[in-house]
Amino acid sequence: MLERGVIPRTGEVRPKLRNITSALLLGVSMLAVAAPVALAQNEPAKNDQNGPAKNKMVRFEIPAQKATSALELYAEQAGVHLSYPFDALKDVQAHELIGKYDKTRALEVLLQDSGLIYEITADGAVIVRDGRER
């Protein structure tokens with residue numbers, strides 16, 4: 001509840017500024033303490049390599065198909081960002097990937113014998129390239 005004070009000259013009733021300022025400072029200080037904790041809870045788990053946890057097992061359901069489609073399903077099911085050159089991969093076949101795998105092993109199985117190579121960045125994004133000689 002706000003305290004009200006009477007301004008001597010005008011007789012006007014206004015809230016005491018001191019109490020509002022105190023409440024404002026208290027709110028700001030609580031926010032300064034709570035915000036970093038809330039932000040830290042939303043960060044991805046990290047492993048020793050400063051990237052998202054790569055050893056977490058994920059259930060994959062990806063039938064054998066064109067690499068472009070298989071990689072899109074992989075990214076969706078693994079929850080990762082993915083980059084690849086569509087034109088270079090559009091005629092490449094990927095293997096079936098059914099079952100629980102960590103994200104790295106899943107890529108190895110999916111791209112086995114395809115001539116494609118991959119890189120996992122520090123933030124967990126996957127970059128796939130055509131490693132076949134032309």
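The values are calculated or read from the model by the stated rules, or taken from the named source; none is laboratory data. These numbers were taken from a predicted model, which means no experiment stands behind them. Here the Cβ positions follow ideal geometry from the backbone for every residue, glycine too, while neighbour counts run over all protein chains shown. When the accessible area is computed, the model is the full protein with side chains, heavy atoms only, and any ligands, DNA or RNA have been set aside. Shrake-Rupley method; radii C 1.70, N 1.55, O 1.52, S 1.80 Å.
See the values below:
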item: Thr121 versus Asp91: modelled label distance in nm, points set 7 Å from Cα along the beta carbon direction; result: 3.0 nm
item: Calculated Rg and Dmax of region 69-109 using C-alpha coordinates, Å; result: 10.4, 30
item: Under-5 Å amide H pairs with Val58, H placed in peptide plane, nonlocal only; result: Tyr101, Asp102
item: Under 5 Å, built H, 5+ apart or other chain: amide partners of Leu82; result: Val126
item: Charge tally in the Cβ shell below 12 Å around Ser114, where Lys, Arg are +1 and Asp, Glu are -1, Ser114 excluded; result: -1
item: For Lys103, solvent-accessible area (1.4 Å; no DNA, RNA or ligand), Å²; result: 40 Å²
item: Gain upon complete extension [Thr104, Ser83; 0.36 nm per residue less C-alpha separation]; result: 6.0 nm
item: ³J(HN,Hα), Karplus 6.51/-1.76/1.60, whole Hz, each residue of region 61-74, x for Gly, Pro; result: 9, 10, x, 4, 5, 4, 4, 4, 5, 4, 5, 5, 5, 4
